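Q: Just dropping this structure here.
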Amino acid sequence: MGDDRRQRIEDGRATLGIELGSTRIKAVLIDEDHVPLASGDHEWENAFVDGRWTYSLEDVETGLRAAYADLVKDVESQYGVRPTTFRALGVSAMMHGYLAFDAAGELLVPFRTWRNTSTGPAAEALSERLGFNIPLRWSVAHLYQAVLDEEPHVAEVARVTTLAGYVHHRLTGHDVLGVGDASGMFPIDPATRDYDAAMLATADELISTSTSTSTGTGTSTGTGTGVDVGIRALFPEVLVAGQDAGALTPEGAAWLDPTGSLEPGVPLCPPEGDAGTGMVATNAVAPRTGNVSVGTSIFAMVVLERAMAQAHEELDVVTTPAGDAVAMVHCNNGASEIAAWARVFGRFAEAAGTPLDINHVYATLLAEAEQADPDAGGLLSYNYLAGEPVTHVEAGRPLLVRGAGSAFTLGNLVRAEVQGAFATLAIGMDVLAEENVSVDRMTAHGGLFRTPGAPQRLLAAALRVPVALEETAGEGGAWGIAVLAAYLEHAADTDLTTHLAERVFGGDAVHVADPDERDVAGFRAYLERFRAGLPLQAAAVAATTPAATGEHDATTDERETTAGAEPSLQTEKEPTR
């Protein structure tokens, strides 16, 4: 088997996928059967610069090169050969945000990631005019907010893209984007699999003639500078899964691999967002299927059978990589607080002279949670390290609250933390239920689910739907974009849904947890307390924010909090993101 794999790599028959997540850049090499052959990664962090969260393009370059070099090292270690070409290549990354370039290709302002929430006035105005929810993190909201704030760079903007689109352009010279990633820039018309033409006309009129009354920081301005060329001229061309998105150029090969070993000519699939690769990695691209990704943030995707009756601020409408409409519930706060508690208990074990592997710590804590009271014994936990748009919380503080009569046990503590991590997601999913959106099952992925049992069962109770775990889901978004790259050869013969079901996931084992009535009742009681206690967040922020001295309070922003955390929680997404 080793010799066969070596020959496949040497012949260029392996496919490469690279994903830029919020804490890690990961590269995965797969064979023709979609089995991982090797991997490499590079950890990185965002930075807070001039009031905004960003990654420098220098860090993008060095991080990509480091992840690719780590993969090459793994290939050489396992198979004794250095790859020089691939069957296909794909790139995905965190969705949304704002990368604006001038006509010469120079970056005009530092990359504004999905974590920035200064786009409130723009998102509100766009949502009202379009009759479509435009989240704070979407690219069009960032562009319009720059117009409203009369930022000087707006007059020079010639191209706007996402992180995946930027990397793909560097590799191929093509300014294109997969439809899933493009759906986080501007609304997509499912009928055309392209930007919605009617909404484009409305948005162009708004953005080109806009008058601002306030900026993202609350200061007044005059008339906006406007964007005269139109959004379509600024945003990338939209492609669906399986379409030709260009090939690796000599300049792109040298950019990724400065050693000169990588040859140009490798075909690339459309660059995608991490939400789309998560759908692929969990085989959740067909109507009535969905997935949940749990990492630094947490989000759920449900593929729709029909359009929703109305817009909801709790829900994004994005698409699968094939262009089908998807309802997305995105929560800024995920499993970071669970990771913090795991580190505390891990340190206790170490201090007590019985050090435990962190995965053992998780397994022990989650086993306790599984046997705890269904409503966590009256305990209440908020995992809000950042603001949370779904619950209208502008800034967050992690809190653990209990009454005098609460049953304060280890199991109830951990169960409260897990249910707290799922509570905001459940609030968003309840909106979908009110829209009569049906889902047969959700597939979960992310580091938390590497520990079997409690997380899967508690998520099923929180969402009131069966939750599945696919064996391959743990490979993450880098594997998902590699699968999309491999699909290039099959797109002419089969649709993406059939391809995944028959050629990619056909023989995989699936573990399904059905909602338990007792767990569901307990979670609903917990969720009622969670909703009632939301005003505690504003009180905690007011009581703990530094005095108005100009000092920045990092916890009020979507700061990356899991750097250095237990590795199984540092998933590739993040989405959206």
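The values are calculated or read from the model by the stated rules, or taken from the named source; none is laboratory data. These numbers come from a predicted model, not from an experiment. We place every Cβ from the backbone using ideal geometry, glycine too, and count neighbours over all the protein chains shown. Each accessible area value is taken on the protein alone, full model and side chains, heavy atoms only, with ligands, DNA and RNA left out. Shrake-Rupley method; radii C 1.70, N 1.55, O 1.52, S 1.80 Å.
Q: Return the pairs, sorted by first residue and then second, in which the second residue is open to solvent by 80 Å² or more (accessible area, probe 1.4 Å), the first residue lies in the range 349-376 and is outside any helix (DSSP H, G or I), the beta carbons are less than 9 Å apart, and the residues are 6+ apart or on different chains.
A: 356/350; 374/518
Q: Additional query: Specify the residue that is nearest to residue 537 (Cα to Cα); the eligible residues are those in the range 428-438 that are surrounded by fewer than 24 Cβ atoms within 10 Å (Cβ to Cβ) and hydrophobic (A, V, I, L, M, F, W, C).
A: Applying the filter and picking the extreme gives 431.
Q: Which condition number in (1) at pLDDT 95 or above; (2) farther than 20 Å from residue 228 by Cα; (3) open to solvent by 10 Å² or more (accessible area, probe 1.4 Å) is the one that residue 191 fails?
A: Tallying (1) at pLDDT 95 or above; (2) farther than 20 Å from residue 228 by Cα; (3) open to solvent by 10 Å² or more (accessible area, probe 1.4 Å), residue 191 fails exactly one: (1).
Q: I need every pair where a residue in the range 163-183 that is at positive phi has its Cβ under 6 Å from the Cβ of a residue that is at pLDDT 95 or above and surrounded by fewer than 23 Cβ atoms within 10 Å (Cβ to Cβ), sequence separation at least 6 or different chains.
A: 173/249
Q: Moving to a separate point now. I'm told residue 78 meets every condition in (1) out of contact with any Ser or Thr (no Cβ under 9 Å at 6 or more places or on another chain); (2) closer than 27 Å to residue 114 by Cβ except one. Can you identify the failing condition by its number?
A: Condition not satisfied by residue 78: (2).
Q: Let me ask another. Considering only residues that are of a type in the set (Val, Ile, Thr) and either within 18 Å of residue 182 (Cα to Cα) or free of Cβ contacts under 8 Å to residues at least 12 places away in the same chain (or both), which ones fall in the range 294-335? Steps first, please.
A: Of the range 294-335, the ones of a type in the set (Val, Ile, Thr) are 294, 296, 298, 302-303, 317-320, 326, 329.
Within the range 294-335, 302, 303, 317, 318, 319, 320, 326, 329 meet the criteria.
Q: If you go through the range 389-427, how many residues are surrounded by 24 or more Cβ atoms within 10 Å (Cβ to Cβ) and acidic (Asp, Glu)?
A: Matching residues across the range 389-427 total 1.
Q: I'd like to know if the range 367-386 contains one or more residues that are among the aliphatic types (A, V, I, L, M) and over 17 Å from residue 409 (Cα atoms). Give the derivation first.
A: Here is the first cut: in the range 367-386, the ones among the aliphatic types (A, V, I, L, M) are 367, 369, 372, 376, 379-380, 385-386.
Narrowing the set further to residues that are over 17 Å from residue 409 (Cα atoms) leaves 385-386.
Yes, there is a match, as at least one residue in the range 367-386 is among the aliphatic types (A, V, I, L, M) and over 17 Å from residue 409 (Cα atoms).
Q: Mind counting the residues in the range 22-31 that are at pLDDT below 95 and in a loop (DSSP other than H, G, I, E, B)? Before you say what the answer is, go through the steps one by one.
A: Narrowing the range 22-31 to residues at pLDDT below 95: 22-24.
With in a loop (DSSP other than H, G, I, E, B) added as a condition, the list becomes 22-23.
Number of matching residues: 2.
Q: Here's a follow-up. Looking at the range 319-348, which of the residues that are in contact with a Gly (Cβ under 6 Å, 6 or more places away or on another chain) and assigned to a strand (DSSP E or B) is nearest to residue 424 (Cα to Cα)?
A: Once the filter is applied, the top-ranked residue is 329.
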